[in-house]
Every structure is written in structure tokens, then in C-alpha cells.
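K.L.:
Okay, handing you the structure first.
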Amino acid sequence: MADLLFNVRNSFYLGAYNTVINEAADLELSEAEAIERDCFVYRSYIALGSYDLVIGEIRDSAATGLLAVKLLAQYVSGRKSKEDVFATLQDWLSDSACNRNTMVLLVAGMIHAQEGNYPEALKCCHGSTNLEMQALCVQVYLKMDRSDKAEQQVKTMSGIDDDATLTQLATAWVGQALGGTKVQEAAYVYQELGEKYNYTAALYNGRAVCYMKMGRWEDADHDLQEAFTKDAKDPDTLTNLITVGLHLGKNVARYQTQLKMVAPNHPNVKRLEIANEAFARAAASIA
């Protein structure tokens, strides 16, 4: 049977969030497929920063998977305290009616990973045959500097579907971490996906990081300018533009200001604030 949600799912993985929202509207689906579609649509709104829309539209009587997406929006936006978020997750994970729901496990894994609770994140997603959950495991292993385990996880994904977009992306992530010739191979993956499905800010950023690792700063800057055209508010694009701009001797103040505005809690913003405070203290001591 035809996978009616393939384009929706694939566009989400590539970071084409507006495409997800637009293409999902006119599909005739079963009840289960409609819930999956809505999960991707609302997750796309979260990625675009429309947290209140997600929180407002998903009712408390909605399907469990959608409630998990609503909890993700509440967590990311800070509309719900971390204590309440983790209390809700604990209730769900201890409930046999919820703890096998893919979206519940995925959201739990994402939140634990964001908080640096890597063993808990892996516990949620490890052993699943779902490619998105396996891809999250790859990301967690890379955050733990366990590229060996990430590489093993990619092999498992390849055994399920070697051509899947998530498998290809995970291959590129690991290639970037391994370095050497693997970085060039990762750049090819981003290029092939861009040419096959259309480039997104995420794909341009992925290839730009490869170029940075290879010392090809001008090429990286070109891709990041393209990414900026696609999405001028993307924190990854702004962060990478700052990095590349500094290497090329450009004025990056505008990108720093934009990053502070769109992502005030971004790690690079925090580092910049700490550096500015240290500079101010040093200057004051000299004066």
C-alpha cells in the first residue's frame, strides 16, 4: 500500500516545516494516520516557534501521542515547569497504556536528551525499530562522545532501511563526528538529499559544518547565506554564520544581535554574555 504520509514525514526530517503544514492539509487518512499526521504538523509548528498555537489547539481529550507533542511545546516554551513536565513523563512511562506509545517515548527521550540525562534518553528509545527513535539514539551517543556506539546504531538503521532519509542523515552526523574522509562523505549526503528533495536550512547547515571541518570557509559561508535566505531566524544558521564570519574577518555583530533575539537561551549567547562580562571586569580593573 502507498505510504500516504511519506512526504509529510520526509519533509519534517529534512526541516521543511512549512511544507509539512501545507501538504498535510488535504490528505484522506485513517484515524491512526490522521493522529500521526497531526503529530508531525504540530511538531513543525513547535520547530517554527508557534508554541501557543500547539498548546491552545491540542485539547486535553486528544490522543496520547498528541498530548505528548503538547507537553513538548510546553517544555520548550517554558509554559510548564520542568518539575511538572518530568512528573507527567513519569506518570506516562509508568502507565502500561502509555509507555508503549511511540510519540510518548520519543518526546520523553528528546526532553531527557535536552536536559543532558543521556542514560534516561537512551532508555526511552533504545531497542525500538522506529527509525526516528533510533536516530535520536545516534544523536545522544554523539553528545556522549561515543561515536563508536553511534556508528553501530547507524548500522542497525541501515539494516532496516538503508535508503531512508533518517538513515542517510544519521550517517552524515556520524561521519562529521568521525572526521577525516568521512566528513567529505557526509557533505555528499547533504548534497544528495538537497538535490533529491530540495535544499532546506538544515541541509545547508549540515554541509556548511562539513566545509568548516575541511577548512573550506568560503564554501561554508556560501551555504550559510543560502540557509539564511531560507530561514533568517534559524539559531543554527546564525550561530554558524558567526563562526564562519569570525574566521573570514567579517563583522558578525548583526548575527549576534539576531541570535540573542530569536534564541536568548542558546549556549552561544550564554558564552558571549560570559565573555562580555569578563571583558568588562578586566577593563574596569585596568581603568
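The values are calculated or read from the model by the stated rules, or taken from the named source; none is laboratory data. A quick note: this is a predicted structure, and the numbers were derived from the prediction, not measured. Note: ideal-geometry Cβ built from the backbone for every residue, glycine included; neighbour counts use all protein chains shown. Accessible surface is based on the protein model in full, side chains and every heavy atom, while ligands, DNA and RNA are left aside. Shrake-Rupley method; radii C 1.70, N 1.55, O 1.52, S 1.80 Å.
K.L.:
Per residue, what accessible area does the chain have, given a 1.4 Å probe and all protein chains present, in Å²? Mind showing how you got there, number by number?
P.N.:
Values: 15370 Å² over 287 residues.
I get 54 Å² per residue for this part.
K.L.:
Could you give each residue of segment 152-159 its phi-based ³J(HN,Hα) in whole Hz, using Karplus coefficients 6.51, -1.76, 1.60 with θ = phi - 60°, and x for Gly or Pro?
P.N.:
Once rounded to whole Hz, the list reads 5, 5, 5, 4, 5, 4, 4, x.
K.L.:
Would you mind classifying segment 140-228 by shape? Square roots of the alpha carbon gyration tensor eigenvalues, ordered a ≥ b ≥ c; an a/c under 1.5 is rounded, otherwise it is prolate if a/b is larger than b/c and oblate if not. Intermediate results must be reported in sequence, preceding the final value.
P.N.:
On the way: a/c = 2.25, a/b = 1.39, b/c = 1.62.
Judged from the Cα gyration tensor, segment 140-228 comes out oblate (a/c at least 1.5, b/c at or above a/b).
K.L.:
For segment 226-267, what is the convex hull volume of its Cα atoms per residue in Å³?
P.N.:
Numbers: hull volume 2.6 nm³, N = 42.
Dividing the Cα hull volume of segment 226-267 by its residue count gives 62 Å³.
K.L.:
Order these peptides, 132-143, 50-61, 181-192, by their mean beta-carbon neighbour count within 10 angstrom, highest first. Please list the in-between numbers first.
P.N.:
On the way: 132-143: 21.9, 50-61: 14.3, 181-192: 17.8.
My ranking of the peptides, most packed first, is 132-143, 181-192, 50-61.
K.L.:
With a 1.4 Å probe and every protein chain kept in, tell me what percent of the accessible surface of the chain is carbon plus sulfur.
P.N.:
Details: 7500 of 15370 Å².
Percent of accessible area from carbon and sulfur atoms in the chain: 49.
K.L.:
If you place +1 on the Cβ of every Lys and Arg, -1 on the Cβ of every Asp and Glu, and leave all else neutral, what size is the dipole of segment 21-145 about its Cα centre, to the nearest 20 Debye?
P.N.:
Details: 10 positive and 18 negative charges, 81 e Å.
It works out to roughly 380 debye.
K.L.:
Of all GluC sites (Glu not before Pro) in segment 1-34, which ones are in loop regions per DSSP and have a Cβ with at most 11 other Cβ atoms within 10 Å?
P.N.:
For GluC sites (Glu not before Pro) across segment 1-34 that sit outside H, G, I, E and B with at most 11 neighbouring Cβ atoms in 10 Å, the list reads GLU28.
K.L.:
Students sometimes get this wrong: rank SER96, SER128 by accessible area, probe 1.4 Å, all chains present, largest first. Write down the numbers at each step before the final one.
P.N.:
Working: SER96 75, SER128 30 Å².
Sorted descending by solvent-accessible area, the residues read SER96, SER128.
K.L.:
In debye, nearest 20, what is the charge dipole magnitude of segment 1-82 about its Cα centre with +1 on Lys and Arg Cβ and -1 on Asp and Glu Cβ, if you could check?
P.N.:
It works out to roughly 580 debye.
K.L.:
Still on this model: Along the positive direction of the dipole of segment 156-254 (beta-carbon charges: Lys, Arg +1; Asp, Glu -1; about the Cα centre), which of LEU203, MET214, THR167 reaches farthest?
P.N.:
Result: MET214, furthest along the dipole toward the positive end.
K.L.:
Could you give me the ³J(HN,Hα) list for segment 196-205, computed from phi with Karplus coefficients 6.51, -1.76, 1.60 and θ = phi - 60°, whole Hz, x at Gly and Pro?
P.N.:
Here the 3J(HN,Hα) series is 7, 10, 5, 6, 10, 4, 5, 5, 4, 5 Hz.
K.L.:
Too long at a 27 Å Cα-Cα cut-off: which of LYS143/LYS250; LYS80/LYS149; LYS123/LYS196; LYS123/LYS260; LYS143/LYS233?
P.N.:
Working: LYS143/LYS250 30 Å; LYS80/LYS149 34 Å; LYS123/LYS196 34 Å; LYS123/LYS260 34 Å; LYS143/LYS233 24 Å.
Violating the 27 Å limit, Cα to Cα: LYS143/LYS250; LYS80/LYS149; LYS123/LYS196; LYS123/LYS260.
K.L.:
Something else now. Normalising by the residue count of segment 110-250, find the relative contact order in percent from Cα pairs under 8 Å and 6+ residues apart.
P.N.:
Working: 162 pairs, mean separation 18.6, N = 141.
For segment 110-250, the relative contact order is 13 percent.
K.L.:
Mind ranking 171-177, 115-121 by how tightly packed they are, going by the mean number of other C-beta atoms within 10 angstrom, highest first? Walk me through the numbers on the way to the answer.
P.N.:
Working: 171-177: 22.3, 115-121: 15.7.
Going by the mean number of other Cβ atoms within 10 Å, highest first, we get 171-177, 115-121.
K.L.:
Could you list log10 I(q)/I(0) for segment 70-162 at q = 0.11, 0.12, 0.13, 0.22 Å⁻¹, which the Debye formula gives when each Cα is one point scatterer?
P.N.:
-0.32, -0.38, -0.44, -1.07
K.L.:
Okay, moving on. Starting from the Cα gyration tensor of segment 166-287, multiply each eigenvalue by 5, take the square root, and state the resulting semi-axes largest first in whole Å.
P.N.:
Values: eigenvalues 186, 48, 33 Å².
After scaling each eigenvalue by five and taking roots: 31, 16, 13 Å.
K.L.:
About the Cα centre of the chain, how large is the charge dipole given +1 on each Lys and Arg Cβ and -1 on each Asp and Glu Cβ? Please answer in debye to the nearest 20.
P.N.:
Charge dipole, the chain, about its Cα centre: 1100 debye, nearest 20.
K.L.:
For the chain, how big is the tail of P(r) above 37 Å, as a whole percent of Cα pairs?
P.N.:
16
K.L.:
What list of ³J(HN,Hα) values in whole Hz, one per residue of segment 163-176 in order, does the Karplus curve 6.51 cos²θ - 1.76 cosθ + 1.60 (θ = phi - 60°) give from phi, with Gly and Pro shown as x?
P.N.:
Calculated HN-Hα couplings, in order: 8, 4, 4, 5, 5, 5, 5, 5, 4, 5, 4, 5, x, 4 Hz.
K.L.:
Now, a different point. First check a/c for segment 154-205, with a ≥ b ≥ c the square roots of the eigenvalues of its C-alpha gyration tensor; if it is under 1.5, answer rounded, and if not, answer prolate when a/b is larger than b/c or oblate otherwise.
P.N.:
Details: a/c = 2.13, a/b = 1.11, b/c = 1.92.
It comes out oblate by the Cα gyration axes.
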